[in-house]
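> Before anything else, here's the structure in question.
The values are calculated or read from the model by the stated rules, or taken from the named source; none is laboratory data. Keep in mind it's a predicted model, so treat the numbers as computed, not measured. When we count neighbours, we look across all protein chains shown, and the Cβ atoms used for this are built from the backbone with ideal geometry, even at glycine. The accessibility values were calculated without ligands, DNA or RNA, using every heavy atom of the protein model including side chains. Shrake-Rupley method; radii C 1.70, N 1.55, O 1.52, S 1.80 Å.
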Amino acid sequence: MKKFNIRKVLDGLTAASSSSSSTNQPGTPKENDVVQETLQSEHFQLCKTVRHGFPYQPSSMAFDPVQKILAVGTQTGALRLFGRAGVECYCQHESGAAVIQLQFLINEGALVSALADDSIHLWNLRQKIPAILHSLKFNRERITYCHLPFQSKWLYIGTERGNIHIVNVESFTLSGYVIMWNKAIELSTKTHPGPVVHISDNPMDEGKLLIGFECGVVVMWDLKCKKADYRYNYDEAIHSAAWHHEGKQFVCSHSDGTLTTWNIRAPAKAAQIITPHGKQPKDGKKPEPCKPILKVEYKTTRAGDPFMVLSGGLSYDTVGRRACLTVMHGKSTAVLEMDYPIVDFLTLCETPYPSDFQEPYAVVVLLEKDLVVIDLGQIGYPIFENPYPLTIHESPVTCCEYFADCPAELIPALYSVGSRQKRQGYSKKEWPISGGNWGQGTQSYPEIIITGHADGSIKFWDASALMLQVLYKLKTAKVFERTRGKEEKPSTDIVEEDPFAIQTLSWCPESRMLCVAGVSAHVIVYRFSKQEITTEVVQLLEVRMQGEFSDGDSPDPGGEQTPTLPTPGASSSPQEGELPTQPSTGSNSSDGPRDNIPCLQVRSSPLKQSPGYQVELVIQLVWVSGEPPQPITSLAINSSYGLVVFGNSSGLAVVDYLQKTLLLNMGTSDLYSPSDPYQRQPRSPRKQRQPSGALSDSNDGANPSEDRCKSPTSVKYKSRRFSKTVANDFAKMSRKISSSHEQRPDQDAKDNSFTRSRSSSVTSIERESREAISSFHFCESFPRKNDSLVSPCLLVGTTQGSVMMVALSMPPGGDQRLQQPVGISSCGTMASLKGGIMTMALLDAAGALLPPSYEPWYDANASDEEKEKSRRRRPATPPSSQEGQDSQFAVLCSEKQAKVLAMPSQTRLYKHNITESSFVLRADVVQMAGSNCIACFCANGHIMTLSLPSLRPLLDMNYLPLTDMRIARTFCFSNLGQALYLTSSTEIQRITYSQETCDNLQEMLSELFTPVETPEAPNRGFFKGLFGGGAQSLDREDLFGETAAGKASRSLAQHIPGPGGMEGMKGAASGVVGDLARARIALDERGQKLGELDERTAAMMASADSFSKHAHDMMLKYKDKKWYQL
């Protein structure tokens, strides 16, 4: 687990901080005397919890057949371990080098990883968070292949130079025993044989090692005699080799698509050469060469023919054909097509002993973007149903929302409708990767993650207890026609790719109402039902959103508008103050520019809707005078009021989804009421305003100024592909960072004075014309200053930092609600902050969160009796305000700062500048430890929390620098200290900012290692024991130990002790396996100490003999000499 340097902010220093100002205004009641804030810095800590999804860019794989654990390594140095459903683990090599090979110490709770930077590492899997025990870094040679025999402590390592080194996996030290390439091949080839591509020992004789060199030479090496017994030559390069379990035959796969089978005692010629996918010529010539067979596995069965499984080897004329896995069994050959290229595969067998019948039962196939397990025991080789959440990336994720502690009945309801969507035809057997145990976590509250995707689909996931399981999938594209004429497409599509992609969504868990907005400027309202219905005509509402004047400088990527001239008789947006109840229908002018035409065509045929989410209403923004509608930037739904509100850079629209009518269509600038102190300067007529080249300097880099001269039906939007929004977002971010000091520098100084720059310069108007709606919040509050009664309201936040209040006048319930119109009136600006508004919320006088009112869920398609049981319910209305006394707090958070206002006086109580040099990417008001706080994620990687209502900094940690726009688009906070983001295109990373969750994390995580007894070795039988022929064992210690082989060169590799230490191994070892392992280690240590004692004794005896000899020589030299001869 990655360690972080944490800077926790001491409580009580807020007032002294230069970046914060928490002051009471004169004459304002001291609300902080009433609100007792319970959250302290000690409640917060940041750590990663679990990673879900498919391993990004996988590179290698290994399987422990006794523990039944699968390990996957990636090109970024990540390690993912999988057991039974819900048992997952993620670890990371610090170097970030690609994992080229993995080897389990079978049933030992340990794993060896070999990396592309020529290092090998020993991982301890007996602890919940695996750690590295030892590392060995090779300095002079590059690692190409590793092999660890079953129940051996000696790891063979092949190198690019063709040499083989041997490592003791217990001490991670090199043996002095080395197999040099020139000794192995001697005079069999005239050139260097190339890297080692295969190493394995004979299943029946551990003293014989099979070594495959890339050039096509295979050597049978006698470990005891230190010489080659046999050499097998083939003209084509070798990719892999596999043994028959009896040890008399092996098979090699080659670069020309052939398989060669060799008898070990007949090296002169291959016993059999076949080309599985080659066309056999009639004249007896060699078949045409095929693509390389990258890997082959040879597995035997007691009762029938052996299995030969291979990847690659297709003929070259199958251009464009998908990757295939070939299963050869007896005379039948099955070619199984895969959706993605094959990275690796493993055949799962009943026994871990290579000398026994293998009895294969499944094949695990690791693809570039999927993991498939094939059942070899059933006819047709069906696949197993995958229990892991590996389909997050089935279509690219475009938005993400996280709901912790949601209603308990939601997950069963979604599961019941989602279970009907499951595919058929899976294997009926249990998932074979079944190791590990679930964690014993105390976290039991329901958690749901919703992901929106580029193909228009929405997935609901059960994320409770650190697991992830898909519940239900909704396809929003079903609402639209998929076939469109080619001549129509360029003129109506905003985006060329993924026109149904989800841009944002709003979900009410209590009422189960769902509202989604797509990139083609469409909004769909869904209602949850357990009944299947057929909708004859999909309800459609077309909205023409056109600001007072249009501009190419949209603050959000995805759309531009050029100035348009009003034309007499043209359909225009409803005027301010009007409450139209009829949708604008419009028509397509055949001789003029596209006008009043939606981007997508709604389905005209009847729509069969399965149980689950069913379409209630489709809202589409239409083209305006040849320009496409602006993308929707914010969205909110409220089931209690029956309203949907959405906004973009043109303004906002409020729709009554019960009456299917448009209530309000207003430009952003018109939300500022005439009596408002922030009133805008009247603008000059649009026709006098000429497009300026300077405008394109500050737009999102998608529309150069010369594009403005093109015809209205120009296809300039075709270049705006949805898949390229990342680049646009990066451009936007970089401009934000560079201009963060320049943007509105005087705002803070003028915070308390109701003045605003009224410069009539073009640049001032342009800056304000780019103002878009950035957030909404339905609430029950005081619409105007000093109101005494609460009523339904809508808070509107803009990208320029303004917060406006809109009052809603709701008709009585029942039938009157469907007949009388909803009244809406703008109440002007409440506050202004630096940076775009990110989130808004309301607290009561005690500091408790006031959630938006909602209607409890009822099935609209159920019988009338069941509908009557469900009554409209709203949270208790806050007490009405006494004259001169505030009873609510309004919490406002922007990209730069947070403020808390007293309501209804709208007086600022607290302010905190969150960041000066960066900006907030995501902010949420969340519940935590029985209280509330603001959680923020900044572009500079900091995660911060602020108390409510006083905005004291509680946590500030530099967690994650913004390296990928995917993180910015998908990061979201939830209640109870939970958060998540997409760390890659295929993986969700969940984190916690709760100290309690961090403390309990060990209990909540799953266990990878469980004590299991190793199966008994195969019986040799009476005759094999009498006459030989059974598996021959080898005392490798005698060969590879320091006594026999000496010490290896110190410069060859460097030993690096791991952070895990041996304590984890000793402490976690238990059961028969642990006892055996400990006994074996103790014996080894005792033998090693005895050996060292023998060596010291021998050295002392040799020294004594030498001294005696020298003394005797001296005596003889001087024995017969007189004293004067000395």
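> Scan region 196-209 for residues that are part of a loop (DSSP other than H, G, I, E, B) and surrounded by fewer than 21 Cβ atoms within 10 Å (Cβ to Cβ) and jot them down.
Within region 196-209, just 204 meets the criteria.
> A further question on this structure: Condition first: out of contact with any Ser or Thr (no Cβ under 6 Å at 6 or more places or on another chain), open to solvent by 10 Å² or more (accessible area, probe 1.4 Å) and among the polar types (S, T, N, Q). Now tell me which residues in region 101-116 satisfy that.
Within region 101-116, just 103 meets the criteria.
Residues are listed down the side, and each one gets a yes or a no for (1) modelled with pLDDT of 70 or more; (2) surrounded by 22 or more Cβ atoms within 10 Å (Cβ to Cβ); (3) closer than 24 Å to residue 807 by Cα; (4) not hydrophobic (A, V, I, L, M, F, W, C):
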{"site": "833", "(1), (2), (3), (4)": "yes, yes, yes, no"}
{"site": "850", "(1), (2), (3), (4)": "yes, no, yes, no"}
{"site": "866", "(1), (2), (3), (4)": "no, no, no, yes"}
{"site": "870", "(1), (2), (3), (4)": "no, no, no, yes"}
{"site": "874", "(1), (2), (3), (4)": "no, no, yes, yes"}
{"site": "877", "(1), (2), (3), (4)": "no, no, yes, yes"}
{"site": "887", "(1), (2), (3), (4)": "yes, no, yes, yes"}
{"site": "897", "(1), (2), (3), (4)": "yes, yes, no, yes"}
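> Open to solvent by 30 Å² or more (accessible area, probe 1.4 Å), more than 29 Å from residue 377 (Cβ to Cβ) and of a type outside the set (Gly, Ala, Ser): which single residue out of 317, 305 fits that description? Give the steps one after another, and end with the answer.
Details: 305 fails: more than 29 Å from residue 377 (Cβ to Cβ).
After applying the criteria, what remains is 317.
> Under 6 Å by Cβ, and 6 or more places apart or on different chains, what pairs join a residue from region 989-1000 that is within 14 Å of residue 979 (Cα to Cα) and part of a strand (DSSP E or B) with one that is among the charged types (D, E, K, R) and open to solvent by 10 Å² or more (accessible area, probe 1.4 Å)?
Final answer for the pair search is 989/51; 991/48.
> Tell me, which residue of region 178-192 that is at pLDDT 90 or above and out of contact with any Pro (no Cβ under 9 Å at 6 or more places or on another chain) is farthest from residue 167 (Cα to Cα)?
So, considering only residues that are at pLDDT 90 or above and out of contact with any Pro (no Cβ under 9 Å at 6 or more places or on another chain), the one farthest from residue 167 (Cα to Cα) is 180.
> Return yes when residue 158 is over 33 Å from the mean Cα position of the chain (by Cα) and at pLDDT 95 or above and no when it is not.
Here the answer is yes, as residue 158 does meet what is asked.
> Which of the strands (runs of 3 or more DSSP E) contained wholly in region 210-284 include at least 2 residues that are under 27 Å from residue 163 (Cβ atoms)?
Those strands (runs of 3 or more DSSP E) span 217-222, 227-233, 238-243, 249-254, 259-263.
> Further, regarding this structure: Would you confirm, using the coordinates I've provided, whether residue 30 is at pLDDT 95 or above and open to solvent by 20 Å² or more (accessible area, probe 1.4 Å)?
No; evaluated as a whole, the condition is false for this residue.
> Which members of region 86-98 meet the condition of being surrounded by 18 or more Cβ atoms within 10 Å (Cβ to Cβ) and either of a type in the set (A, V, I, L, M, F, W, C) or touching a residue at least 40 places away in the same chain (Cβ under 8 Å) (or both)?
86, 87, 88, 89, 90, 91, 98
> Moving to a separate point now. Kindly establish whether residue 482 is within 34 Å of the chain's Cα centre (by Cα), open to solvent by 10 Å² or more (accessible area, probe 1.4 Å) and modelled with pLDDT of 95 or more.
Numbers: within 34 Å of the chain's Cα centre (by Cα): yes; open to solvent by 10 Å² or more (accessible area, probe 1.4 Å): yes; modelled with pLDDT of 95 or more: no.
Answer is no for this residue.
> Would you point out which residue out of 953, 961 is closer than 18 Å to residue 897 by Cα, of a type outside the set (Ser, Thr, Tyr) and either touching a helix residue (DSSP H, G or I) at 6+ places or on another chain (Cβ under 9 Å) or open to solvent by 10 Å² or more (accessible area, probe 1.4 Å) (or both)?
Selected residue: 953, the only one of 953, 961 that is closer than 18 Å to residue 897 by Cα, of a type outside the set (Ser, Thr, Tyr) and either touching a helix residue (DSSP H, G or I) at 6+ places or on another chain (Cβ under 9 Å) or open to solvent by 10 Å² or more (accessible area, probe 1.4 Å) (or both).
> Strands (runs of 3 or more DSSP E) wholly in region 775-868 with at least 2 residues that are of a type in the set (Gly, Ala, Ser) - which ones?
Numbers: elements: 791-798, 802-809, 823-832, 837-844.
Qualifying strands (runs of 3 or more DSSP E): 791-798, 802-809, 823-832.
> Condition first: within 20 Å of residue 334 (Cα to Cα) and open to solvent by 20 Å² or more (accessible area, probe 1.4 Å). Now tell me which residues in region 257-286 satisfy that.
Those that are within 20 Å of residue 334 (Cα to Cα) and open to solvent by 20 Å² or more (accessible area, probe 1.4 Å): 273, 274, 276, 277, 279, 280.
> Now for a separate question. Does residue 361 satisfy being of a type outside the set (D, E, K, R) and at pLDDT 95 or above?
yes
> Right, next: Given the conditions (1) more than 14 Å from residue 435 (Cβ to Cβ); (2) of a type in the set (A, V, I, L, M, F, W, C); (3) in contact with a Pro (Cβ under 7 Å, 6 or more places away or on another chain), which single one is not true for residue 100?
All conditions pass for residue 100, except number (3).
> Could you list all residues from region 353-412 that are within 30 Å of residue 926 (Cβ to Cβ), part of a loop (DSSP other than H, G, I, E, B) and open to solvent by less than 50 Å² (accessible area, probe 1.4 Å)?
Correct list: 388, 389, 390, 392, 393, 395, 406, 407.
> Can you tell me how many residues within region 644-660 are open to solvent by 10 Å² or more (accessible area, probe 1.4 Å) and either modelled with pLDDT of 95 or more or farther than 12 Å from residue 632 by Cβ (or both)?
The number of residues fulfilling the criteria is 3.
> Looking at region 49-59, which of its residues are open to solvent by less than 40 Å² (accessible area, probe 1.4 Å) and over 14 Å from residue 392 (Cα atoms)?
49, 50, 58, 59
> Is it fair to say residue 1029 is surrounded by 14 or more Cβ atoms within 10 Å (Cβ to Cβ) and at pLDDT below 90?
Yes.
> Looking at 427, 444, can you tell me which residue is in a loop (DSSP other than H, G, I, E, B), at pLDDT 90 or above and either among the aliphatic types (A, V, I, L, M) or under 30 Å from residue 1012 (Cα atoms) (or both)?
Of the residues listed, the single one that is in a loop (DSSP other than H, G, I, E, B), at pLDDT 90 or above and either among the aliphatic types (A, V, I, L, M) or under 30 Å from residue 1012 (Cα atoms) (or both) is 427.
> Among the residues of region 64-85, write down those that are surrounded by fewer than 22 Cβ atoms within 10 Å (Cβ to Cβ) and more than 15 Å from the chain's Cα centre (by Cα).
Scanning region 64-85 gives 65, 66, 68, 75, 77, 84, 85.
> Report yes if some residue within region 179-192 is touching an Asp or Glu at 6+ places or on another chain (Cβ under 8 Å), open to solvent by less than 30 Å² (accessible area, probe 1.4 Å) and not aromatic (Phe, Trp, Tyr); otherwise report no.
Checked region 179-192: no residue is touching an Asp or Glu at 6+ places or on another chain (Cβ under 8 Å), open to solvent by less than 30 Å² (accessible area, probe 1.4 Å) and not aromatic (Phe, Trp, Tyr).
> Kindly list, by first and then second residue, each pair from a residue in region 258-286 that is aromatic (Phe, Trp, Tyr) to a residue that is part of a loop (DSSP other than H, G, I, E, B) and open to solvent by 70 Å² or more (accessible area, probe 1.4 Å), limited to pairs with Cβ atoms under 7 Å and residues at least 6 apart or on different chains.
Qualifying pairs under 7 Å: none.
> Additional query: How many residues does region 447-467 hold that are outside any strand (DSSP E or B) and open to solvent by less than 10 Å² (accessible area, probe 1.4 Å)?
3
> In addition: Of (1) out of contact with any Ser or Thr (no Cβ under 7 Å at 6 or more places or on another chain); (2) surrounded by 18 or more Cβ atoms within 10 Å (Cβ to Cβ), residue 243 satisfies all except one. Which?
(1)
> Still on this model: Checking the structure you have, find out if any residue of region 129-152 is open to solvent by 30 Å² or more (accessible area, probe 1.4 Å), of a type in the set (Lys, Arg), touching an Asp or Glu at 6+ places or on another chain (Cβ under 8 Å) and more than 25 Å from residue 233 (Cβ to Cβ).
Yes, that holds for at least one residue.
> Right, here's the next one. Might you check whether a residue that is touching a residue at least 40 places away in the same chain (Cβ under 8 Å), open to solvent by 60 Å² or more (accessible area, probe 1.4 Å), closer than 17 Å to residue 241 by Cα and of a type in the set (A, V, I, L, M) occurs anywhere in region 291-300? Full working, then the answer.
Of all residues in region 291-300, those touching a residue at least 40 places away in the same chain (Cβ under 8 Å) come to 292-300.
Checking the rest, the ones that are also open to solvent by 60 Å² or more (accessible area, probe 1.4 Å) come to 294.
Checking the rest, the ones that are also closer than 17 Å to residue 241 by Cα come to 294.
Remaining after also requiring of a type in the set (A, V, I, L, M): 294.
Yes, because at least one residue in region 291-300 is touching a residue at least 40 places away in the same chain (Cβ under 8 Å), open to solvent by 60 Å² or more (accessible area, probe 1.4 Å), closer than 17 Å to residue 241 by Cα and of a type in the set (A, V, I, L, M).
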